[in-house]
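Novice: First the structure, which I've put down as structure tokens, then a few questions once you've had a look.
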Amino acid sequence: MNSLGHTRSVFALDHLLQTPDTFIRTVLPGMSRAAAIVHASPALGARFTAYTSEQQNEGILGPPQGQRFIYVLDGKVAWKSDGKQTELHSGGYAFGAEGGDHSISALEPSRLFVIEKPYSLCQGTGRPSPCTGNEASIEGQALGGDPDLQVRALLPDRPEFDFAVNTMTYAPGASLSMVEIHFMEHALLMLEGGGIYRLGDRWYPVQAGDFIWMRAYCPQWFGAIGKTPARYLIYKDWNRHPAPL
Ligand code: UGY
Ligand code: MN
């Protein structure tokens, strides 16, 4: 508890840094034996919703608003989709398409990072199919040829998917090679380690457990600090024209 009203959390026009001391729990419609920490939502200016779901044994989530992506932070959950059940452990993830049928039930106390987003149809691509996977079985790609910065794309590289979720792993001392400014927005959860995040014209110390939202065009840069790798999960809108009709 901080009795002097201090926190690292910041809410600015083009970004949000939300640290665990400011997390508020709520129960979303259809949740049972579970609570949500809502990180980003349309009320913030985001075009998606991102939350952490904390589930007790047998805790369930309600129906999604649009598509749903889940990443297991810890614990074990049963993901049922298309009559098939898959057990997901830490690092496991699943995608459910808009209008599809899926259910999620915790097999032990678990925490999930969840993204929900209305689907943006693109002429000629068809619709995405549900899928599951585990981060550990995905081969990393060196970003811009830098072997100290490995990107793992969790969703299939196919045009029907209108968003991407990647993990980025920085060796100690590694950094983005440039300040990025782009029309996509981001949700980001620090999974491991820490460093300095530049957001807009401010630089923030960040560590595992922190959440960041970046509005489109928010200047951004990260450098890993410490003797262990820094790793984060990052969402971005993807594969769509910036001016949808
Ligand atoms: O994919 C990205 O835009 C990523 N490189 N951005 C970031 O790490 N802030
Ligand atoms: Mn970016």
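Novice: Please list GLU58, GLU185 from largest to smallest accessible area, probe radius 1.4 Å, with all protein chains kept in place.
Specialist: Of GLU58, GLU185, the descending order of accessible area is GLU58, GLU185.
Novice: Expressed in nm to one decimal, what extension gain is obtained for the pair SER103 and ARG202 from 0.36 nm per residue of sequence separation less their Cα-Cα distance? Present the calculation step by step, with values, prior to reporting the outcome.
Specialist: Details: separation 99, 0.36 × 99 = 35.64 nm, distance 4.05 nm.
That pair, SER103 and ARG202, stretches by 31.6 nm at full extension.
Novice: Let me ask another. Starting from the 7 Å offset along Cα-to-Cβ, what nm value, one decimal, do you get for the label separation of THR22 and TRP238?
Specialist: 2.8 nm
Novice: Taking the inverse of the average 1/r across all pairs of different Cα atoms in the range 136-237, what Kirkwood radius in Å do you get?
Specialist: With all distinct Cα pairs of the range 136-237 included, I get 13.8 Å.
Novice: Now for a separate question. Nearest 0.05, what FRET efficiency do ASN2 and LEU245 give at R0 = 35 Å with Cβ-Cβ as r?
Specialist: For R0 = 35 Å, the calculated efficiency reads 0.15.
Novice: Another one. Work out from phi, with θ = phi - 60° and the Karplus expression 6.51 cos²θ - 1.76 cosθ + 1.60, the ³J(HN,Hα) of each residue of the range 19-34, listed in order in whole Hz, and give x for Gly and Pro.
Specialist: 9, x, 5, 10, 5, 10, 9, 8, 10, 8, x, x, 6, 9, 6, 7
Novice: How many Å² of accessible area per residue for the chain, probe 1.4 Å?
Specialist: With all protein chains present, the chain gives 49 Å² per residue.
Novice: What is the distance, in nm, between label points placed 7 Å from the Cα along the Cα-to-Cβ direction at LYS227 and at GLU180?
Specialist: 3.0 nm
Novice: Further question: Could you pull out which residues in the range 93-112 have an amide N less than 18 Å from a spot 7 Å beyond the Cα of SER137, following the Cα-Cβ vector?
Specialist: 93-96
Novice: Apply the a/c threshold of 1.5 to the C-alpha gyration tensor of the range 14-127 and tell me whether it is rounded, prolate or oblate.
Specialist: oblate
Novice: Run a plain Debye calculation on the range 1-73 (Cα atoms as equal point scatterers, no solvent) and give log10 I(q)/I(0) at q = 0.11 Å⁻¹, rounded to two decimals, same order as the q list.
Specialist: -0.34
Novice: Roughly to the nearest percent, how much of the accessible area of the chain is carbon and sulfur, given a 1.4 Å probe?
Specialist: On the way: 6510 of 11950 Å².
On the chain, the fraction of accessible area on carbon and sulfur atoms equals 54 percent.
Novice: How high is the relative contact order of the range 1-108, in percent, counting Cα pairs under 8 Å that sit 6 or more residues apart? Numbers along the way, then the final one.
Specialist: On the way: 194 pairs, mean separation 21.5, N = 108.
That works out to 20 percent.
Novice: Might you work out the accessible area of ILE225 for me, using a 1.4 Å probe with all protein chains in place, and round it to the nearest 10 Å²?
Specialist: Ignoring ligands and nucleic acids, ILE225 comes out at about 110 Å².
The values are calculated or read from the model by the stated rules, or taken from the named source; none is laboratory data. Because the structure is predicted, anything quoted here is derived from the model rather than measured. Every residue, glycine as well, gets a Cβ built from its backbone with ideal geometry; the counts of neighbours run over all protein chains shown. To get the accessible areas, we keep the full protein, side chains included, count just its heavy atoms, and leave off ligands, DNA and RNA. Shrake-Rupley method; radii C 1.70, N 1.55, O 1.52, S 1.80 Å.
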